[in-house]
Amino acid sequence: MNDPGFGVYVHWPFCAAKCPYCDFNSHVRHQPVDQPRFVQAFERELATMRERTGPRTVSSIFIGGGTPSLMLPGTVEAVLAAVARNWDVPDGIEITLEANPSSVEAGRFRGYRAAGVNRVSLGVQALNDADLRFLGRLHDVEQSLHAIGLAREIFPRLSFDLIYARPGQTPDAWAAELEQAISHAADHLSLYQLTIEEGTRFHALYAAKKFQIPDADHAADLYTVTQEVTAARGLPAYEISNHAQPGAESRHNLIYWRYGEYVGVGPGAHGRFMENGRRIVTFTEKNPENWLDLVESRGHGVIGGEVLTREEEADEFLLMGLRLTEGIDLARYEQLSGRSLSGRRIAILQEEGLVSPIGNSRLRATQQGMIVLDALVADLAR
């Protein structure tokens, strides 16, 4: 079984505005952020995590948020240098930074590239201005295309996000928007269905019936269009929401989906890695200022976590791995859980068109199975 890798995730929690659909740990501050102070805190928390993981070789680094493109290039450079001081960072690994089109500047992009970033993920979200306004985005389509063009010029690799199943969106309109996106895309697209998350502004507006989103059948039709258009244009799905030319998959996200290990630093970051022979979960204080205080006083902002049982590890492995079109390694599931998946249950799910064996060693969810993945995993894990 191949090593799924070891990643480092760095969370920059600040945004220029909070999007109404977003339930990520992001915060708006109306005074300039003290970036040198955050750099020192990232450095301390990374050193603490190194004490816990021991020496490792990093497979990928991901700077997410929030809006990391609000960071100064010098901040990014200092964080990447701190990662390299603590673990072995081979040349050529994937180093991704998330960016919003509204905060893109050519000089800043070139600064990120000089710091070592070699992949950018742009939060485009829609390619029409009316829907961008609905989604609370600060950019318009013209800014999006400008940012895409700059990123293609400066970085070796580029991905951008779109949200579908927006109010009133028809399959034909989504197919046309996808075609437009693919004409600008480099080698990777992330395509997410709009969901109403508790605690967001959209949750309150949706509850008050201020807007409607497509029902389950309509959303399934949009998902089918997504698969068909991207596959026909050479960017097939390799995960439920992610599409790439072969070889251009997000290496960092593959660590998650293949159930590798990663440390998470910064406000609200999560980690999962092996410590003393057991897989542990860590999560840090979400409030940026409180996180800073914790790191400065004790070297880290971790406020909780747990040691996973074998059953919990196996369940997570199923849930993550079946998101991938490559499916799961059945022998690794048995190694994690101490038991095999039920052959009888697999046969029933196969007859229902929800799973498909790959030879005798792997199992994958079908396109129909992907749509009901949570239920599928619960059935398999029984």
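The values are calculated or read from the model by the stated rules, or taken from the named source; none is laboratory data. Given the structure is predicted, the values throughout are model-derived calculations rather than measurements. Every residue, glycine as well, gets a Cβ built from its backbone with ideal geometry; the counts of neighbours run over all protein chains shown. Side chains included, ligands, DNA and RNA excluded: accessible areas come from the protein's heavy atoms. Shrake-Rupley method; radii C 1.70, N 1.55, O 1.52, S 1.80 Å.
List of remarks:
- Scanning the stretch 197-233 for residues that are in contact (Cβ under 8 Å) with a residue 24 or more places away in the chain and not in a helix (DSSP H, G or I) gives Glu197, Glu198, Gly199, Thr200, Phe211, Gln212, Ile213, Pro214, Arg233.
- Residue match in the stretch 273-296 (condition: modelled with pLDDT of 95 or more, out of contact with any strand residue (DSSP E or B) (no Cβ under 6 Å at 6 or more places or on another chain) and among the hydroxyl-bearing types (Ser, Thr, Tyr)): no
- Residue in the stretch 5-19 that is open to solvent by less than 30 Å² (accessible area, probe 1.4 Å), in a helix (DSSP H, G or I) and touching a residue at least 40 places away in the same chain (Cβ under 8 Å) present: no
- The set of residues in the stretch 242-255 that are outside any strand (DSSP E or B) and buried (at least 20 other Cβ atoms within 10 Å of the Cβ) comprises Glu249, Ser250, His252, Asn253, Leu254, Ile255.
- Test: residue in the stretch 143-153 that is touching a Leu at 6+ places or on another chain (Cβ under 8 Å), among the charged types (D, E, K, R), surrounded by fewer than 17 Cβ atoms within 10 Å (Cβ to Cβ) and on the phi < 0 side of the Ramachandran plot: yes
This table checks each residue for (1) touching a helix residue (DSSP H, G or I) at 6+ places or on another chain (Cβ under 8 Å); (2) of a type in the set (Val, Ile, Thr).
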| site | (1), (2) |
| --- | --- |
| Val295 | yes, yes |
| Leu324 | yes, no |
| Ile328 | yes, yes |
| Ala347 | no, no |
| Gly353 | yes, no |
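- For Ile280, the criteria (1) open to solvent by 40 Å² or more (accessible area, probe 1.4 Å); (2) part of a strand (DSSP E or B); (3) under 30 Å from Met49 (Cα atoms); (4) touching a residue at least 24 places away in the same chain (Cβ under 8 Å) hold in every case but one, which is (1).
- Taken as a whole, the stretch 375-382 holds at least one residue that is in a loop (DSSP other than H, G, I, E, B), at pLDDT below 95 and on the phi < 0 side of the Ramachandran plot.
- Ala185 vs. criteria out of contact with any Cys (no Cβ under 9 Å at 6 or more places or on another chain), at pLDDT below 95, under 22 Å from Ala126 (Cβ atoms) and open to solvent by less than 60 Å² (accessible area, probe 1.4 Å): yes
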